[in-house]
Amino acid sequence: MALVNLLRHYPKAQRKMGKPRSKNPLNIEVARKFGREYFDGTREQGYGGYKYDGRWVPIAKDILDYFCLKPGMNVLDVGCAKGFLMKDLMDACPGLKVFGLDISYYAISNCMKDVKGRCIVENAKCLPFSDKSFDAIISINTLHNLEREDLKIALKEIERVSKGKSFVQLDAYQNDEELEVFKDWVLTAKTYLKPHEWEQLFQECGYTGDYFWTILSPDPKWTDFSSDKKTAPVWNTTA
Ligand SMILES: C[S@@+](CC[C@H](N)C(=O)[O-])C[C@H]1O[C@@H](n2cnc3c(N)ncnc32)[C@H](O)[C@@H]1O
């Protein structure tokens with residue numbers, strides 16, 4: 001079990017938006033359906049266009065190196081969305097058997113052609129695989145979308161179907177300021193904790209894999225000139 005930043009190459013988002021989007025309950029309601037609006041609708045309700053841009057290429061290389069993955073091994077991406085990371089893992093390591101799972105019918109229906117037939121629509125709290133099926137399991141920015149008790153079930157599921165190597169990236173905050181930014185901007189997360197609280201939760205449910213945090217911090221370099229003078233947040237995966 002280790003704190004490891006496998007997303008160190010993930011680009012920091014500089015988002016210029018007006019009003020904090022979570023202030024509108026409709027944005028939360030729509031985003032939590034994980035449908036077209038969340039992936040390919042507006043920035044207020046989600047990604048504002050979830051398109052392949054190659055950003056996962058260096059991250060895939062880090063994952064392969066870190067877990068010593070080789071052709072013939074099995075990998076599962078829990079919360080794979082359209083399969084961008086899956087594709088980059090397969091490209092970087094031909095012969096690696098990569099599978100994905102996501103609750104979003106929209107995302108799986110619109111997944112990259114390279115990963116078609118390798119992804120299923122399913123809830124992370126019920127992985128339809130037998131014990132110790134995967135050499136590595138990855139779940140990036142997904143499990144915090146579950147309520148705390150369901151999240152614990154999902155972590156137990158990862159533990160059950162992995163052969164011992166896994167990595168989860170979860171939303172976290174370290175102080176009141178970061179919590180406020182979270183509440184203003186994050187639409188889908190239902191469980192967000194301080195790092196030490198996450199580590200306690202891992203112990204509670206027996207999760208022994210690796211992990212890292214996505215921490216949303218206000219950007220000190222950029223000020224929003226919209227009416228409420230909020231600063232724009234930066235998605236920080238390197239805290
Ligand atoms: C923030 S996106 C992250 C997608 C991808 N891992 C990435 O980092 O780009 C969260 C993903 O989790 C999926 N998701 C949310 N709740 C889920 C659940 N209970 N089981 C499986 N997937 C879930 C969503 O459909 C969405 O694709």
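The values are calculated or read from the model by the stated rules, or taken from the named source; none is laboratory data. Here the structure is a predicted model, which means the values were calculated and not measured. A quick note on method: Cβ atoms are made from the backbone with ideal geometry, for glycine too, and the neighbour counts reach across all protein chains shown.
Before moving on, here are some points about what is shown:
Residue by residue, here is whether (1) out of contact with any Asp or Glu (no Cβ under 7 Å at 6 or more places or on another chain); (2) of a type in the set (A, V, I, L, M); (3) touching a residue at least 60 places away in the same chain (Cβ under 8 Å) holds:
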| site | (1), (2), (3) |
| --- | --- |
| L146 | yes, yes, no |
| I153 | yes, yes, no |
| R160 | no, no, no |
| F167 | no, no, yes |
| D171 | yes, no, no |
| W198 | yes, no, no |
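- A single member of V115, V75, V98 is more than 9 Å from the ligand (Cβ to nearest atom), within 15 Å of V168 (Cα to Cα) and hydrophobic (A, V, I, L, M, F, W, C), and it is V75.
- Which numbered condition A107 misses (of (1) farther than 15 Å from S139 by Cα; (2) in contact with a strand residue (DSSP E or B) (Cβ under 7 Å, 6 or more places away or on another chain); (3) crowded, with 23+ Cβ neighbours inside 10 Å): (2)
- Per-region count, the range 7-35, residues part of a helix (DSSP H, G or I), modelled with pLDDT of 95 or more and surrounded by fewer than 17 Cβ atoms within 10 Å (Cβ to Cβ): 4
- Restricting the range 128-142 to residues that are within 15 Å of the ligand (Cβ to nearest atom) and of a type in the set (S, T, N, Q), the residue that is farthest from W56 (Cα to Cα): T142
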